[in-house]
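Student: Below are the structure tokens for one structure; questions will follow.
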Amino acid sequence: MNFMKLLRTISKSFIGRTVAVAFSPPLQLFSATLFYYFSLYFSINNRTLFLLTFLYWLVIFRLTKNFKLSLFAGLLATLLFPKGRAYQLLLLPKESIERWVLFDISYFFPVYLADIFLGVLGYLYLRNKTIVTSIGATLKKLQPFWWLALFIIWVVFSGTLSVAPEVSWLSALQLVRMMALMVLPLLLFAHQKTQLKKLVLSVALAALLFESSWVIAQRISGGPLGKDLEVYLPGAQFGILASEDLGLLRVTGTFFEPSILGTFLLMQMAIILPLVLRKRHTDQRHILNTLGWFGLGVGSVALIFTGSRILYGVWLWLAGLTWWFWRKNKPNLNFKNHPKLFAGTVVVALIVATALAPYLTRRLETLTDVFTQYGSGTYRLAMIQYAARLALGNPWFGVGINLSPYYFATEFTGEQLVFDPTYPHNLLFQLLAETGMVGAFFFFMLVYTTVRPFFLYLKQSVIKEYSLAVGIYVLCAMFYPIFLNHPELSSYFFLYAGLSTLSRKQARVDRA
């Protein structure tokens, strides 16, 4: 009797109500995913990670009662983790390079945890006997798919002329994986758009909150937490310290570099924008909306600790877009109607701004050093200049995809380069140098056909979150090397490109 009374007391308490809300139907997917993410704090090796992921998949399967959707949830939840194996193809040891260099010149072919889910989803589709007919009918009018297919064909063809054709072939295999990420949502979930969108939103919000919390914990502890989930390379201090202020720590979360972390955060913020900007909410949806605003807030704080000033600028643009949509969708929301809400918002904003001001000020005050001899601006411009020289030397075919570090290390002898032989910090010039004008044209046509709907629907005050996320990735890739060398991030580009295409395809069906 006393035990039952205790249970009733707990259920009426704040904790009890919180647990009840967390596991209410609208929040079950989100809560399960968030719990899975934070359980990974206790992961000690790949086996533990695999076990916890398997348990997460079982929970999602129980919630969705759909085998394919639960597999897709597992894919989404693990896509951000570069955990698994990476097979190294050594091109040039650093001892034989006659210039300053941090690492050997190598190509890595990764196989990550998310590839297990992707492989099973692919098998489930391929075992269908009507595969040829259904693929043709589904992909016939999908321009992004065909531009990607042409890009892959060109990568293979031009790569046969390169100094290391095996790198181009393995890179093409990576691109085939990216194509699978792009087309499988269309092939498997064309009639489950609502469930799929809910799943993507829940996982994106949970991932944003988890990664932001990890970043804040790293900032408080003064560096990595020493957990198995964290990944970093030898010599990584050159990537996590500001080039103009070596005493300023830039956190990385569970990624390799701060720029990858920041781009990831911005892309997930874009995905949850429709949630926070929705005009009407039921009582249950209002809770998810509040969590969305909280996610945007902590994600913004985490972004500051990346120390990436370019990403600060992208965030300001995204914040302006959010404010514009907010005022357009909710014109009656003002200080007079909700004085307590706005007063509380202002107080919280001032407290957070005061706490972040020292770090932000220290990072921004070095802007005057960006174009000094060893400044980040000089570094990027020099890489663009030399990438352009590589492109002009082979304008049609390029030097071979993922081979620009090799040529940066071996070409231009006698010249004093101010950068290490890595990938150009600009996706356009990287593709021009590695795949020539033809390859760059094919890829950026893929980008154009994917991002264009965002601007078309902008006139109708409708936000296309997947197209926006793709656009944010491409914008960030113009300043950071985040293409195939970091598939844990570029995978989101191709996945969201596919989801954007599925969204447009469904919209055309609805109008018809």
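Student: Expressed in nm to one decimal, what extension gain is obtained for the pair residue 385 and residue 321 from 0.36 nm per residue of sequence separation less their Cα-Cα distance?
Tutor: 19.7 nm
Student: To continue, here is another question. Under a point-charge model restricted to the Cβ atoms of Lys and Arg (+1) and Asp and Glu (-1), what is the dipole moment magnitude of the range 361-512 relative to its Cα centre, in debye to the nearest 20?
Tutor: Values: 11 positive and 9 negative charges, 172 e Å.
The dipole of the range 361-512 has a size of about 820 debye.
Student: What shape does the range 159-234 have by the C-alpha gyration tensor, where a ≥ b ≥ c are the square roots of the eigenvalues, rounded means a/c under 1.5, and otherwise prolate means a/b greater than b/c and oblate the rest?
Tutor: Numbers: a/c = 4.69, a/b = 1.15, b/c = 4.08.
Taking the square roots of the gyration eigenvalues as a ≥ b ≥ c, the range 159-234 is oblate.
Student: Another question about this same structure. Counting only other residues whose beta carbon sits under 15 Å from that of residue 392, what net charge do I get with K and R as +1, D and E as -1? Could you put the intermediate results ahead of the total?
Tutor: On the way: positive: 389; negative: 411, 434.
Residues near residue 392 contribute -1 overall.
Student: Given the peptides 165-172, 497-504, 94-101, arrange them by the average over their residues of other C-beta atoms within 10 Å, most packed first.
Tutor: 497-504, 165-172, 94-101
Student: Follow-up. Starting from the amide H of residue 91, placed 1.01 Å from N in the peptide plane, find each other amide H under 5 Å away whose residue is 5 or more places distant or on another chain.
Tutor: 105, 106, 107
Student: In addition: Using the Cα atoms of the range 83-233, I'd like the radius of gyration and the largest Cα-Cα distance, Dmax, both in angstrom.
Tutor: So, for the range 83-233, Rg and Dmax equal 20.2, 58 Å respectively.
Student: A further question follows. Considering the Cα positions of the range 61-132, please state its Rg to one decimal place and its Dmax as a whole number of Å.
Tutor: 19.0, 59
Student: Based on the alpha carbon coordinates of the range 424-512, what radius of gyration and maximum Cα-Cα distance (Dmax) apply, in Å?
Tutor: Values for the range 424-512 (Cα only, Rg and Dmax): 14.1, 45 Å.
Student: Pull up the cross-link candidates among the aspartates and glutamates for residue 197, meaning alpha carbon to alpha carbon under 13 Å and not fewer than 8 places away within one chain.
Tutor: 465
Student: Further question: So for the pair residue 293, residue 230, with labels modelled 7 Å out along Cα→Cβ, what separation do we get in nm?
Tutor: Reported label-point gap for residue 293 and residue 230 is 3.3 nm.
Student: Need one word for the range 355-500: rounded, prolate or oblate. Basis is the Cα gyration tensor (sqrt eigenvalues a ≥ b ≥ c); a/c below 1.5 gives rounded, then a/b vs b/c decides. Could you put the intermediate results ahead of the total?
Tutor: Working: a/c = 2.40, a/b = 1.19, b/c = 2.02.
It comes out oblate by the Cα gyration axes.
Student: Sticking with this structure for a sec: Once phi is turned into ³J(HN,Hα) by the Karplus curve 6.51 cos²θ - 1.76 cosθ + 1.60 with θ = phi - 60°, what whole-Hz value does each residue of the range 162-177 show in order, with x for glycine and proline?
Tutor: In residue order, the calculated couplings are 8, 6, 9, x, 5, 5, 5, 5, 5, 5, 4, 5, 4, 5, 5, 4 Hz.
Student: Sort largest first and round to whole Å: the equivalent ellipsoid semi-axes of the range 354-425, each the square root of five times a Cα gyration tensor eigenvalue. Let's see the in-between values first.
Tutor: Values: eigenvalues 211, 35, 19 Å².
The answer is 32, 13, 10 Å, longest axis first.
Student: Multiply the residue gap between residue 55 and residue 195 by 0.36 nm, knock off their C-alpha separation, and tell me the result in nm, one decimal place.
Tutor: Working: separation 140, 0.36 × 140 = 50.40 nm, distance 2.12 nm.
The residue 55-residue 195 span can extend by a further 48.3 nm.
Student: Express in nm, to one decimal, how much length is gained between residue 89 and residue 413 on full extension, taking 0.36 nm for each residue of separation and deducting their alpha carbon distance.
Tutor: Working: separation 324, 0.36 × 324 = 116.64 nm, distance 2.40 nm.
Net length gain for the segment: 114.2 nm.
Quick note: the coordinates plus some simple rules give every number you see, no bench work behind them. What you are looking at is a predicted structure, and each value in this text was computed from that prediction instead of being measured. For neighbour counting, all protein chains shown are included, and Cβ atoms are generated from backbone atoms with ideal geometry for every residue, glycine included.
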